[in-house]
1. Please count how many residues of segment 394-427 are β-branched (Val, Ile, Thr) and at pLDDT 80 or above.
2. For residues in segment 131-154 being out of contact with any helix residue (DSSP H, G or I) (no Cβ under 7 Å at 6 or more places or on another chain) and exposed (fewer than 14 other Cβ atoms within 10 Å of the Cβ), which is modelled with the lowest pLDDT?
3. For Leu233, are the conditions met, namely being in a helix (DSSP H, G or I), touching a residue at least 12 places away in the same chain (Cβ under 8 Å) and assigned by TED's automatic domain parsing to the domain that holds Glu208?
4. Would you be able to say whether some residue in segment 69-78 is closer than 19 Å to Tyr19 by Cα, at pLDDT below 85 and not β-branched (Val, Ile, Thr)?
5. What helices (runs of 4 or more DSSP H), lying completely within segment 1-95, carry at least 1 residues that are free of Cβ contacts under 8 Å to residues at least 60 places away in the same chain and over 30 Å from Glu208 (Cα atoms)?
6. Mind checking which pairs have a first residue in segment 338-364 that is more than 15 Å from Met324 (Cα to Cα) and a second that is aromatic (Phe, Trp, Tyr) and surrounded by fewer than 23 Cβ atoms within 10 Å (Cβ to Cβ), Cβ under 7 Å, 6 or more apart or different chains?
7. Give the residue that is surrounded by the most Cβ atoms within 10 Å (Cβ to Cβ), with candidates limited to residues of segment 162-183 that are over 15 Å from the mean Cα position of the chain (by Cα) and under 29 Å from Met358 (Cβ atoms).
8. Looking at Gln244, Gln252, which is the one that is more than 23 Å from the chain's Cα centre (by Cα), outside any loop (DSSP other than H, G, I, E, B) and either in the same structural domain as Phe293 (by TED's automatic domain parsing) or not hydroxyl-bearing (Ser, Thr, Tyr) (or both)?
Amino acid sequence: MRVLIADDEKNIRRTVADYFALEGIECEEAENGLSAQKSLAEEHFDGLVVDLRMPGMSGLELLDWLQQEGRSIPTIMISAYGEIRDAVAAMKAGAADYVTKPFDPDDLLIRLTRSVEDDRLRRLASLDREAGPELESESSSMRKVLELAGKVAPTDSTVLITGESGTGKEVLARRIHESSTRADSPFVPINIGGIPEQLIESELFGHEKGAFTGADARKRGMIEVASGGTAFLDEIGDMPLHLQVKLLRVLQEHRIQRLGATTSIPVDVRFIAATNADLEARVADGRFREDLFYRLNVIRIKLPPLRERPEDIPLLARHFLSTMRERTGSRVTAISPEAVRALQSYRFPGNVRELENMIERAVILAEESELTAADFDLPEAGGAEGRGRGRPGAASSPRGTLREIERAAIEQALYRNEWRRQQTADELGITRRTLLNKIKDYGLEEDLS
C-alpha cells in the first residue's frame with residue numbers, strides 16, 4: 001500500500017511515516033496542501049492522511065480538488081481541533097474518517113487500512129453488479145428460490161445455499177446482501193476451496209506481525225474486512241476440521257482472534273455459506289462438524305440445476321450474448337431458435353456457468369452475425385463409450401444415475417480440454433481441488449498418466 005501524508009507539522013509527518021513503514025507501508029510526505037496536490041497529480045496513492053488546516057491549501061480544499069478531478073481516494077482527515085462541524089465538513093468533502101490530535105498511530109493505521117480495503121471491495125462489487133440477470137427466471141422452482149431469498153434478505157439470519165457447481169450460488173448470495181440493510185457495507189466472497197490449506201486460517205482471521213515466518217506486517221482477515229457487511233463462505237464443505245471449531249466460535253460469539261494475538265476483537269458480520277457437497281453425509285462420516293452444520297443451516301436455499309429449468313435458457317443465453325458483445329465488440333447480434341432448442345436439450349453438468357462459457361466461446365469463434373447450433377460444441381447423439389485419451393462417447397440426452405451422468409460429463413470435458421485439469425475445472429465451474437477429488441472418486445486418474 002502506498003500512502004501520502006500531508007501535514008505542515010514535520011514531527012507529525014515523520015512519526016506517522018516511520019510507524020507506517022514498520023508495517024510495510026510505503027509513504028510519501030507533503031509539507032502543505034499545494035505540495036500534496038502536486039504529488040497527487042503526478043503519482044498514484046492508495047490512501048491519504050491529510051491535516052485539516054494547512055497553509056496555501058487546506059485539507060478540505062484538497063479533497064474538493066480531488067472531487068472536481070473525478071477521483072476518490074480513501075482519506076483520513078486529522079486535526080488539532082476536535083469540533084463537530086470540522087468532522088462533518090471533512091466527511092461531506094469525501095473523507096472516510098476523522099481523527100483529532102494527539103492520536104494513536106496504531107489507531108490511525110487501523111482506520112486507514114480499513115478504509116482502503118473497504119474502498120477496494122466496493123469497487124469490485126460495482127463491477128459484479130451486472131451479474132443479476134443470471135437469476136431472472138421463467139421457472140416456478142427458481143421463482144420460489146428468489147421469493148425465499150427476498151424474505152430472508154432484510155434479516156441477519158445465517159443462510160446456507162446448496163446446489164450443483166455453476167448454479168449461481170455467489171450471485172444469489174450477493175443479491176441477498178444487496179437487498180439487506182448491509183448493502184452499503186462490504187460483501188466479501190471467500191472461496192474456501194481455492195485457498196491453500198496452510199493459508200486458510202490467516203486469510204480468514206488475519207495475523208499479527210511476527211505471527212509466523214513471513215508475517216512482516218499485521219494483516220486483517222477477510223472476516224474482519226467484512227465487518228458491517230456480509231461474508232460469503234463458498235465451498236464451506238472443504239473447510240479443514242481444525243478450523244471448523246474456530247469458525248463455530250466466531251458464529252457464536254461474533255469475535256475473532258488474529259493469529260499471534262492474545263486478545264479477540266468484535267466483528268459485526270452476516271454469514272452466507274454455500275456448498276455443492278452433501279453436508280449431511282459429511283457430518284455422518286465425520287468430515288464436517290454437526291454443531292457447525294446446524295449453525296450454518298438456519299435458512300437453507302437450494303438452487304435447482306439448469307437442466308431442471310430449461311425455460312430459463314433463452315433468457316440466459318441472450319443475456320450472456322449481450323454481455324459478450326459489449327465486452328468483445330463482436331458483430332454477433334442474435335441466437336437462432338434452432339440453437340436455443342439445441343441448448344435446451346443439453347443437460348449442462350456445469351449449469352449456468354457452463355452456458356456462459358459456451359456462449360463466450362461461440363461468440364468469439366462465430367463467423368456469422370447469428371449463432372446457430374453448429375456454433376456450439378454440443379455432444380452428438382449415439383456415440384460409443386470411449387476410455388483413455390480418445391474421445392469419450394456422448395449422447396444428446398444422457399441416461400443413467402446422476403453419478404454416471406456426472407462421470408461422463410467430467411470425462412468429456414477432460415477430452416475437450418486435452419486433459420488440462422485447471423482449464424477443465426474452469427469449464428465445469430468447479431475448483432481444481434474439487435475436480436481432482438472427482439477424478440480420483442470416478443477412477444479417472446489413470447487416464448492422466
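1. So the count comes out to 2.
2. Top of the filtered list is Ser140.
3. Working: in a helix (DSSP H, G or I): no; touching a residue at least 12 places away in the same chain (Cβ under 8 Å): yes; assigned by TED's automatic domain parsing to the domain that holds Glu208: yes.
Considered against the rule, which asks whether it is in a helix (DSSP H, G or I), touching a residue at least 12 places away in the same chain (Cβ under 8 Å) and assigned by TED's automatic domain parsing to the domain that holds Glu208, Leu233 comes out as no.
4. For segment 69-78, residues closer than 19 Å to Tyr19 by Cα, at pLDDT below 85 and not β-branched (Val, Ile, Thr): absent.
5. Helices (runs of 4 or more DSSP H) meeting the threshold: 33-42, 59-68, 84-92.
6. Within 7 Å, the pairs are Ala339/Phe376; Ala342/Phe376; Leu343/Phe376.
7. Checked segment 162-183; the qualifying residue surrounded by the most Cβ atoms within 10 Å (Cβ to Cβ) is Thr167.
8. Within the list Gln244, Gln252, the selection yields Gln252.
The values are calculated or read from the model by the stated rules, or taken from the named source; none is laboratory data. All values reported here derive from a predicted model rather than from experimental measurement. Cβ: placed from backbone, ideal geometry, glycine included. Neighbour counts: every protein chain shown.
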